[in-house]
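J.: One structure follows; several queries about it will come next.
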Amino acid sequence: MRVVCPHCKSVNNVPQKESYKKANCGKCKDSLLDTKPIELSNADFDEVIVNSDIPVIVDFWAPWCGPCKMMAPNFAKSASNFPLKALFTKVNTENEQNLGARFGIRSIPTIIIFKDSKEVHRVSGALDESTLNRMVTQFI
C-alpha cells in the first residue's frame with residue numbers, strides 16, 4: 001500500500017499488515033509510524049490525498065478558534081491510535097483560505113475523511129478522542 005511520510009511527505013510502498021514494529025521512509029529514513037498530525041498546504045494537499053492508500057483525516061482549523069484549540073490534543077491522541085492505518089493532517093484555514101473555500105468549510109473545526117482520494121465523511125464541531133476513534137475506525 002502507498003503511504004505518505006509524515007516527515008518529508010514522500011510516497012512509500014509498504015506491505016499491508018495488521019501491525020508494524022518498524023517502518024521507515026525510503027527517502028528521509030524517519031519512521032512512518034510517527035502519528036503526529038502533519039500540516040498540509042495548497043501546495044501539497046492533493047499530492048497527499050491522491051497518494052495515500054490509507055484514509056486521510058483532515059482537520060480544518062484556525063489559530064483563533066477556541067473549539068479548535070480544545071480539540072487539538074484529542075486529534076493528536078486519536079492519531080496515535082492509528083499508525084499506518086490512517087494519516088492525520090491539519091489545514092490552517094487562515095493560511096490556506098483557498099482550501100477552505102474549495103471544500104466549502106463554513107464552520108471550524110471541520111473534519112473531513114478522504115478515502116481513495118474522495119471525501120467519504122464530514123463532521124463539524126469539536127470532538128472528543130473516543131468519538132474521533134470510532135469515526136476513523138469506520139473507514140479503515
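J.: Among Ala72, Ala101, Ala86, determine the one that fluctuates most according to a GNM of the chain built with springs between C-alpha atoms less than 10 Å apart.
T.: Judging by the Gaussian network model, the answer is Ala101.
J.: If you don't mind, there's one more thing I want to ask. When the helices in the chain are scored as -39500 (n - 2.57) per DSSP H run of 4 or longer and the sum is shared across all residues, what 222 nm value do you end up with, to the nearest 500 deg cm²/dmol? It would help to have the intermediate numbers written out before the result.
T.: Values: 4 runs with 35 residues, N = 140.
Rounded to the nearest 500, the figure is -7000 deg cm²/dmol.
J.: What are the residues whose amide H is under 5 Å from the amide H of His121, where those residues sit 5 or more places off or on another chain and H is modelled from the backbone?
T.: For His121, whose amide H was placed from the backbone, the distant partners under 5 Å are Ile113.
J.: Continuing with this model, one more query. If I model a spin label as a point 7 Å beyond the Cα along the Cα-Cβ vector, how far apart are those points for Asp116 and Ala62 in nm?
T.: Distance between label points: 3.5 nm.
J.: Would you list which aspartates and glutamates come within 19 Å of Lys115, measuring only between C-alpha atoms, while excluding same-chain residues fewer than 8 positions from it?
T.: The reachable aspartates and glutamates, counting only those whose Cα sits under 19 Å from Lys115, are Glu18, Glu39, Asp44, Asp46, Glu47, Asp53, Asp59.
J.: To continue, here is another question. Quick check: the angle from helix 66-79's long axis to the longest principal axis of the chain, C-alpha only, nearest 10 degrees?
T.: Value to nearest ten degrees: 20.
J.: Shifting gears a bit: Longest span of the chain, sites excluded, free of GluC sites (Glu not before Pro) in DSSP loop with at most 15 other C-beta atoms within 10 Å?
T.: 19-93
J.: Nearest 0.05, what FRET efficiency do Ile140 and Gln97 give at R0 = 35 Å with Cβ-Cβ as r?
T.: Numbers: r = 31 Å, r/R0 = 0.88.
The pair Ile140/Gln97 has a calculated efficiency of 0.70.
J.: Return a whole-number percent for the relative contact order of the chain, with Cα pairs under 8 Å and 6 or more residues apart as the contact set. Walk me through the numbers on the way to the answer.
T.: Details: 251 pairs, mean separation 36.4, N = 140.
The normalised contact order for the chain reaches 26 percent.
J.: While we're looking at this one, here's another question. If each of Gln16 and Leu33 carries a label point 7 Å out from its Cα toward its Cβ, how far apart are those two points in nm?
T.: In this crude label model, Gln16 to Leu33 measures out at 2.1 nm.
J.: Give Lys27/Lys90; Lys9/Lys77; Lys21/Lys118; Lys29/Lys77 a once-over and call out the pairs whose C-alpha atoms are over 26 Å from each other. If you can, show how the numbers build up before the last one.
T.: Working: Lys27/Lys90 23 Å; Lys9/Lys77 21 Å; Lys21/Lys118 30 Å; Lys29/Lys77 24 Å.
Pairs exceeding 26 Å: Lys21/Lys118.
J.: Over the chain, what number does the Rg to Rh ratio reach, with both radii from the alpha-carbon atoms and Rh per Kirkwood? Write out the running numbers ahead of the final one.
T.: Numbers: Rg = 14.2 Å, Rh = 15.1 Å.
Answer for the chain: 0.94.
J.: If you don't mind, another one. How many percent of DSSP beta bridges within the chain run antiparallel, rounded to 5?
T.: Details: 15 of 23 bridges.
Antiparallel bridges: around 65 percent, rounded to the nearest 5.
Any read-out appearing in this document is the output of simple, stated calculations on the displayed coordinates, not a laboratory observation. On a predicted model such as this, the values are computed, not experimentally measured, just so you know. Cβ coordinates were reconstructed from backbone atoms using ideal geometry, including for glycine residues, and neighbour counts include every protein chain displayed.
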